[in-house]
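Chemist: Here it is: the structure, laid out below.
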Amino acid sequence: MNFDGFDFDRNTTAFLEELDRSRRMPHAILIECPDSEKASALATFLSMLAVCSQEAKPCGKCKNCLNAKHKSHPDIAYPKLLPKKKAYTVQQLRELMKDAYILPNDAAAKVYVFENTDERLNELGQNTFLKLFEEPPQNVYFILLCKSAQSMLDTILSRFTIIRIRGQETFDNETLDTAAKIIRGILATQEYPLLKTLYVLRDKDRAGNILTATKQSLRDALALLSGGEAIGDSKLARQLAARLTRKKLIEMIELCDSSEYKINQNVNINLLTAWLCGEFRRITWQR
């Protein structure tokens, strides 16, 4: 990937590189970031990636890339609100859904970038769009930008790959220790140590930080597999990199994101930890 002209944090670039390397670039991406400029920059990069006409994407020099960078590409849409409306209307979204099935003009793909979706895409709008997100047309990409994904329905979140831009995270020693125990539980041959450690997620005030610290270790392992360096515990990252493939690490990162949102929805924590433990084990041992 060519990141010239873009200044993303290491977590974001490593995650994007692994998605690209494993050929898992998703058709639906949700960018969660409190800084709208950073979120917009990432959406622009992903749009360039989708429409670039060169083999090494995004080249940043072809006509498609340049038009995408300046937000003037005919195949990249930035839907706006109708006058005097605070959210997208059902009729507006239905028209966009029809448009998604029309072939692109200049590029081989079409991209729809929805800004401020935590304000503009209400529950009715999300349900209206759900069918399209489930069965999207070929070579059509949807990018949703929001400050917080809390307002998005679980049915939407489950169909999107979430990229959270937070920059460099700092954690207290207790959080780091707990996250390390989760990682060691993932790598363990027996299930009980992992299940026992996951029960700490019952403390909702700590759960988010613990899952974020766990993701940091997983991303460190991704960085090592890409020839980079670990930000946190390098020994733990090396153990993960030696045991897990890039694909498995990405799936676990996405699993942590999904778990955090489920916790915020007040799900039964006993059922959640059992499910989370099972999913970690499934990913670890799958071929």
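The values are calculated or read from the model by the stated rules, or taken from the named source; none is laboratory data. A quick note: this is a predicted structure, and the numbers were derived from the prediction, not measured. Virtual Cβ from ideal backbone geometry, glycine too; neighbours counted across all protein chains shown.
Table: residues versus (1) closer than 28 Å to Ser148 by Cα; (2) touching a helix residue (DSSP H, G or I) at 6+ places or on another chain (Cβ under 8 Å); (3) free of Cβ contacts under 8 Å to residues at least 60 places away in the same chain.
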{"site": "Cys62", "(1), (2), (3)": "no, no, yes"}
{"site": "Leu82", "(1), (2), (3)": "yes, yes, yes"}
{"site": "Asp106", "(1), (2), (3)": "no, yes, yes"}
{"site": "Tyr112", "(1), (2), (3)": "yes, yes, yes"}
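Chemist: Among the residues of the range 3-41, what is the count of those that are of a type outside the set (A, V, I, L, M, F, W, C) and assigned to a loop (DSSP other than H, G, I, E, B)?
Modeler: First, the residues of the range 3-41 that are of a type outside the set (A, V, I, L, M, F, W, C): 4-5, 7, 9-13, 17-18, 20-24, 26-27, 32, 34-38, 40.
Keeping just the survivors that are assigned to a loop (DSSP other than H, G, I, E, B) gives 4-5, 7, 9, 22-24, 26-27, 34-35.
Qualifying residue count for the region: 11.
Chemist: Any residue in the range 43-65 that is farther than 26 Å from Lys131 by Cα, of a type in the set (Lys, Arg) and within 24 Å of the chain's Cα centre (by Cα)?
Modeler: Scanning the range 43-65 turns up at least one residue that is farther than 26 Å from Lys131 by Cα, of a type in the set (Lys, Arg) and within 24 Å of the chain's Cα centre (by Cα).
Chemist: What about Ser53, is it assigned to a helix (DSSP H, G or I) and either in contact with a strand residue (DSSP E or B) (Cβ under 8 Å, 6 or more places away or on another chain) or farther than 21 Å from Arg164 by Cα (or both)?
Modeler: Details: assigned to a helix (DSSP H, G or I): no; either in contact with a strand residue (DSSP E or B) (Cβ under 8 Å, 6 or more places away or on another chain) or farther than 21 Å from Arg164 by Cα (or both): yes.
No: the conditions fail for Ser53.
Chemist: Still on this structure, please answer the following. Looking at Leu211, Leu225, which is the one that is closer than 24 Å to Leu153 by Cβ and crowded, with 19+ Cβ neighbours inside 10 Å?
Modeler: Of Leu211, Leu225, the one residue that is closer than 24 Å to Leu153 by Cβ and crowded, with 19+ Cβ neighbours inside 10 Å is Leu211.
Chemist: Quick one: Glu254 ticks every box in (1) of a type in the set (D, E, K, R); (2) more than 22 Å from Thr12 (Cβ to Cβ); (3) out of contact with any helix residue (DSSP H, G or I) (no Cβ under 6 Å at 6 or more places or on another chain); (4) part of a helix (DSSP H, G or I) bar one, so which box is it?
Modeler: (2)
Chemist: Further, regarding this structure: Please list, ordered by first then second residue, the pairs with beta carbon atoms under 8 Å, 6 or more apart or interchain, first in the range 197-224 and in contact (Cβ under 8 Å) with a residue 40 or more places away in the chain and over 23 Å from Thr13 (Cβ atoms), second of a type in the set (Asp, Glu) and outside any helix (DSSP H, G or I).
Modeler: Note: no pairs meet the criteria.
Chemist: Next question. Identify the residue in the range 237-260 that is among the charged types (D, E, K, R) and more than 22 Å from Met25 (Cβ to Cβ) and, among all such residues, is surrounded by the most Cβ atoms within 10 Å (Cβ to Cβ).
Modeler: Glu260
Chemist: What are the residues in the range 74-86 that are out of contact with any strand residue (DSSP E or B) (no Cβ under 8 Å at 6 or more places or on another chain) and closer than 13 Å to Ala109 by Cβ, if any?
Modeler: Initially, the range 74-86 is screened for residues out of contact with any strand residue (DSSP E or B) (no Cβ under 8 Å at 6 or more places or on another chain), giving 74, 80-86.
Correct list: Pro74 only.
Okay, residues lined up against (1) over 20 Å from Asn64 (Cα atoms); (2) not small (Gly, Ala, Ser):
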| site | (1), (2) |
| --- | --- |
| Ala87 | yes, no |
| Leu93 | yes, yes |
| Leu96 | yes, yes |
| Asp106 | no, yes |
| Lys110 | no, yes |
| Val113 | no, yes |
| Asn116 | yes, yes |
| Glu119 | yes, yes |
| Glu123 | yes, yes |
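Chemist: In addition: Could you go through the range 222-233 and let me know if any residue there is more than 20 Å from Arg164 (Cβ to Cβ), in a helix (DSSP H, G or I) and modelled with pLDDT of 85 or more. Explain how you work it out, then say what you get.
Modeler: Quick first cut of the range 222-233, residues more than 20 Å from Arg164 (Cβ to Cβ) only: 224-225, 227, 229, 233.
After this cut, where a residue has to be in a helix (DSSP H, G or I) as well, the list is 224-225.
Now restrict to residues that are modelled with pLDDT of 85 or more: none.
No; the residues of the range 222-233 include none that is more than 20 Å from Arg164 (Cβ to Cβ), in a helix (DSSP H, G or I) and modelled with pLDDT of 85 or more.
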